[in-house]
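See structure below.
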Amino acid sequence: MNQKFTTVFRIVLPAILIGELALVSPVSAGVISNHSGTICTNYNAKDVTKIDRYSYGTRSLKTSATTVVCPLTRNTSSSYGAYVYVDIYHASYATTKCTAFSYDEDGYLLTSTSAGWTGGGLHEFSLNLTGLGSSSSFSDYSVVCSIPGGGAGIIQGVDLSEQ
């Protein structure tokens, strides 16, 4: 092998590999826990008889919007935070709003963030719980959502991508 080719090869190959690594999104580098929407349950005790669960999600039979809570299970002890993805279905034009929370092991709120969607059909939106001080090795994550009543909206999944 000639010396010029070897020198170029030693410079170009690492540059290509570094470039490939840069293409990987930090979100895709996380450990993902997929949770069925059936983990979500009534937030208020009075709504217990208004929550309806299918094998693929949770909906409200109440005539108005209902608040549900979805506890999330962690798979790591990373302190870099997480992204939460909420998968919803609206039978017609409706609104779902969610807030994700990160608490430390003593129950103190570290951070929270909110997002939502208005429309019809299937949709996924994300909630960002990353950043300095947003998580600890023993953080607990949960999501609280307001879902449409009358069976008009179903939470089909809540996914946790730990960073």
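The values are calculated or read from the model by the stated rules, or taken from the named source; none is laboratory data. These figures come from a predicted structure and were not determined experimentally. A quick note on method: Cβ atoms are made from the backbone with ideal geometry, for glycine too, and the neighbour counts reach across all protein chains shown.
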Review point. Residues in region 138-150: is at least one under 11 Å from His90 (Cβ atoms), without any contact (Cβ under 8 Å) to a residue 40 or more places away in the chain, in a strand (DSSP E or B) and not basic (Lys, Arg)?
Key: no
**Study point:** Per-region count, region 29-70, residues touching a helix residue (DSSP H, G or I) at 6+ places or on another chain (Cβ under 6 Å) and basic (Lys, Arg)
**Key:** 2
Exercise for review: Can you confirm whether region 145-160 contains a residue that is surrounded by 18 or more Cβ atoms within 10 Å (Cβ to Cβ), among the small types (Gly, Ala, Ser) and modelled with pLDDT under 95?
Suggested key: no
Point to revise | Members of region 86-96 found to be of a type outside the set (A, V, I, L, M, F, W, C), buried (at least 17 other Cβ atoms within 10 Å of the Cβ) and touching a Ser or Thr at 6+ places or on another chain (Cβ under 9 Å), listed by number | key: His90, Thr96
Check your understanding: Would you pick out the residues in region 66-112 that are polar (S, T, N, Q) and under 11 Å from the mean Cα position of the chain (by Cα)?
Key -> Thr99
Check your understanding: Is at least one residue of region 109-131 touching a Leu at 6+ places or on another chain (Cβ under 6 Å), at pLDDT 95 or above, in a strand (DSSP E or B) and under 18 Å from Gly30 (Cα atoms)?
Key -> no
Exercise for review: Considering only region 47-67, state which residues are of a type in the set (Gly, Ala, Ser) and either modelled with pLDDT under 95 or not in a loop (DSSP other than H, G, I, E, B) (or both).
Suggested key: Ser55, Gly57, Ser60
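Conditions (1) crowded, with 16+ Cβ neighbours inside 10 Å; (2) closer than 17 Å to Gly151 by Cβ; (3) within 13 Å of the chain's Cα centre (by Cα); (4) among the small types (Gly, Ala, Ser), marked per residue:
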{"residue": "Ser33", "(1), (2), (3), (4)": "yes, no, yes, yes"}
{"residue": "Ile39", "(1), (2), (3), (4)": "yes, no, no, no"}
{"residue": "Val48", "(1), (2), (3), (4)": "no, yes, no, no"}
{"residue": "Ile51", "(1), (2), (3), (4)": "yes, yes, no, no"}
{"residue": "Tyr54", "(1), (2), (3), (4)": "no, yes, no, no"}
{"residue": "Gly57", "(1), (2), (3), (4)": "yes, yes, no, yes"}
